[in-house]
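What follows is one structure encoded as structure tokens, with my remarks underneath.
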Amino acid sequence: MIDLYLSLPIWVQAAIKGLIAIGFLIPVAGACSLAERKVSAWIQGRPGPNRARAWGLGYIPILGPILQRLGVFHLMADGAKFVFKEDVVPGHVNKFYYYLAPLVALVPSLCTVVVVPFGAYFDAASETLKPLILADVDVGILAVFAIGSLSVYALILAGWASNSKYPFLGGVRASAQLISYELSMTLSVIPVFLWVNAPGPEATLSLFAVVESQSQAGLFGGMWFVFLMPMCAFIFLVSLFAETNRQPFDMPESEADLVGGFHTEYGEFKWSIFFVAEYAHMTIGSAVFVLLFLGGWNPLPWVPLEPLIAGLPVWLGGLLGAAFFLGKTFFFIFLFMWVRWTLPRFRYDQVMRLGWQKLLPLAIANVIFYALAIAVIERS
Amino acid sequence: MADILFYIFAAMTIGSAVAVVINPNAVNSALAFLVGLLGVSGLFVLLDSFLLAVLMILVYAGAVVALFLFIIMLLDMQGGERKPFSRPTAVAGFIGAALLAVCATSLLQGIGALETAEAGSAIGVGANLKHYADQLFTTYLLPVQVVGFLLLIAMLGVIVLSKKFEGLEDIK
């Protein structure tokens, strides 16, 4: 099996790996939409979706009712509905860009997974921890930001191609918001990489190196960056909410004043592609937050993964690392939903004022403070 | 493999560059420009300059073209009527043409003047982050500052040209 895989041409191997990653990400995005409904129901004190029942599965003794109670069949029903609904295209849209926009939404959010490590395994030959990653490039975090920044075109194009007022306003708001918060987001990770990269000829922006630097020995070595740099983590998290268009920053959508925002004119499968893209974006964003500030696949602060899995078989160790990492990521996805049902939405001018007048100066001051602090620590 | 990719990316870059110029619709032009930038960054990847490729997408494709599109859509440009030439426009046009002539002649004179180096001996400035930053803050510090200043002037120019100063006596 493994020999057969290794004998394939390199691009076939890459395609298989990529398809596996996408095949994982899309069901997670689907499960997120169910989780969103269940979490919102739980927070509001109601049972949530629990009625749908599949003809075969629902009558299995014990398991069937549990699945029904969890609303799993609603997910399947939703998925089937989106695929089989009639494909209505409003007459006044710009057809080419109207069809292009959902694709532009989905492709960048699935591409970012290439450079995000999602676990680590112990390589017995070199006695070191190796990342589970599709492409271990040196520019790691910059590649995530670069590809992620392309997703703004989906919202602009959808808003513009719909050729009607509310989607247009949604698209314009989206582009302004995403560009504004990208600045704070990029600035907030600078201290992390200043700390990770010791003075010397080599420097890296890879996310694996960030996790490695959070799994060293000693008080500062094993400390997760969320404790070492709480302000960076806070700015990053706020910007992440804005970048993924989640409440309280969901200006492009804002049902209350823009009907449905940029996707008002979209229906059925094209609409669901937007949502898969949003959840995929959210998953990757949470994963990057966990890697940068929460120690990646290390189970606890000051408890690195490497000694735990050194004696175990490779597949079990890798699975454990990935499990710790995904557990933290899923907690952050839950946090996204928790915030959504807790905080009210900002008004648009408040979003802009927060971004430019509060968050950006704070991020700049934060970079200066940590640059000075790290310089002082390095000197002594 | 790399050769085929090079031809694909090169065709993508040139094709979309032509499309930017000849397309009558401003939105189409901006998106063709975006495709061209993606092609250029693909070419950078083939040159092993991952950092430059990523910066190309992050800065130009991710932010600059998004702003272009934002402005095109906000102003809803249809290519309105052109105003007759005023004197400052004529002077600016003359200076621009003169600069172009100077550039063209120096380019023509300079053909073959530079030594051709082996591809392997070239220093990959854009390949390594540290090397790139080092060059940026030592050798190329002045050019970077000058270009930054030029951008600042352009920005001020846009404000002066587009903002209406009537009724704002204190600014005058």
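The values are calculated or read from the model by the stated rules, or taken from the named source; none is laboratory data. Being a predicted model, the structure only gives us computed values, none of them experimental. Note that we place each Cβ from the backbone using ideal geometry, even for glycine, and neighbour counts take in every protein chain shown. Heavy atoms of the whole protein, side chains included, go into the accessibility calculation; ligands, DNA and RNA do not. Shrake-Rupley method; radii C 1.70, N 1.55, O 1.52, S 1.80 Å.
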Only residues that are under 25 Å from A:Phe24 (Cα atoms) and away from chain B (no Cβ under 14 Å): list them for segment A:128-161, please.
A:Leu129, A:Lys130, A:Pro131, A:Leu132, A:Ile133, A:Leu134
Scope segment A:162-212; condition at the interface with another protein chain (Cβ under 9 Å from one of its Cβ atoms), open to solvent by less than 40 Å² (accessible area, probe 1.4 Å) and within 30 Å of A:Val89 (Cβ to Cβ); matching residues
A:Gly171, A:Val172, A:Ser175, A:Ala176, A:Leu178, A:Ile179
Within segment B:37-78, considering residues that are touching a residue at least 40 places away in the same chain (Cβ under 8 Å) and part of a helix (DSSP H, G or I), the one most open to solvent (accessible area, probe 1.4 Å):
B:Phe50
Filter segment A:108-128 down to the residues that are small (Gly, Ala, Ser) and either closer than 25 Å to A:Pro299 by Cβ or without any contact (Cβ under 8 Å) to a residue 24 or more places away in the chain (or both) and list them by number.
A:Gly119, A:Ala120, A:Ala124, A:Ala125, A:Ser126
Is there any pair linking a residue in segment A:26-50 that is among the polar types (S, T, N, Q) to one that is part of a helix (DSSP H, G or I), with Cβ under 6 Å and at least six apart or on different chains, and which?
A:Asn50/A:Arg69
Is it fair to say A:Leu312 is assigned to a loop (DSSP other than H, G, I, E, B), farther than 30 Å from A:Ser40 by Cβ and more than 21 Å from the chain's Cα centre (by Cα)?
yes
For segment A:324-348 the number of residues that are open to solvent by less than 60 Å² (accessible area, probe 1.4 Å) and free of Cβ contacts under 8 Å to residues at least 60 places away in the same chain is 5
Checked against (1) under 13 Å from A:Ser206 (Cβ atoms); (2) surrounded by 22 or more Cβ atoms within 10 Å (Cβ to Cβ), A:Pro102 satisfies every condition except (1)
Within segment B:13-34, track down each residue that is hydrophobic (A, V, I, L, M, F, W, C) and open to solvent by 60 Å² or more (accessible area, probe 1.4 Å).
B:Ile14, B:Val18, B:Val21, B:Ile22, B:Phe33
Could you list, ordered by first residue, the pairs with Cβ atoms under 6 Å in which the first is in segment B:130-146 and touching a residue at least 60 places away in the same chain (Cβ under 8 Å) and the second is assigned to a helix (DSSP H, G or I) and not charged (D, E, K, R), at least 6 apart or interchain?
B:Tyr132/B:Leu51
Quick check on A:Ala125: is it out of contact with any Leu (no Cβ under 8 Å at 6 or more places or on another chain), within 11 Å of chain B (Cβ to nearest Cβ) and open to solvent by 10 Å² or more (accessible area, probe 1.4 Å)?
no
For A:Ala54, state whether it is in contact (Cβ under 8 Å) with a residue 12 or more places away in the chain, small (Gly, Ala, Ser) and over 18 Å from A:Ile273 (Cβ atoms).
yes
Do we have A:Lys358 as assigned to a helix (DSSP H, G or I), free of Cβ contacts under 8 Å to residues at least 24 places away in the same chain and not small (Gly, Ala, Ser) here?
yes
Could you count how many residues in segment B:15-30 are part of a helix (DSSP H, G or I), within 13 Å of chain A (Cβ to nearest Cβ) and over 13 Å from A:Tyr153 (Cβ atoms)?
2
Scan segment B:31-51 for residues that are among the aliphatic types (A, V, I, L, M) and within 10 Å of another protein chain (Cβ to nearest Cβ) and jot them down.
B:Leu31, B:Leu34, B:Leu38, B:Val45, B:Leu51
Here the residues within segment B:1-32 that are under 27 Å from B:Phe70 (Cα atoms) and either modelled with pLDDT of 90 or more or not assigned by TED's automatic domain parsing to the domain that holds B:Gly62 (or both) are B:Phe9, B:Met12, B:Thr13, B:Ile14, B:Gly15, B:Ser16, B:Ala17, B:Val18, B:Ala19, B:Ala32
What is the one condition in (1) farther than 19 Å from A:Thr112 by Cα; (2) of a type outside the set (Gly, Ala, Ser); (3) surrounded by fewer than 23 Cβ atoms within 10 Å (Cβ to Cβ) that A:Ile156 does not satisfy?
(3)
Considering only residues that are at pLDDT 85 or above and open to solvent by 20 Å² or more (accessible area, probe 1.4 Å), which ones fall in segment A:279-302?
A:His281, A:Leu294
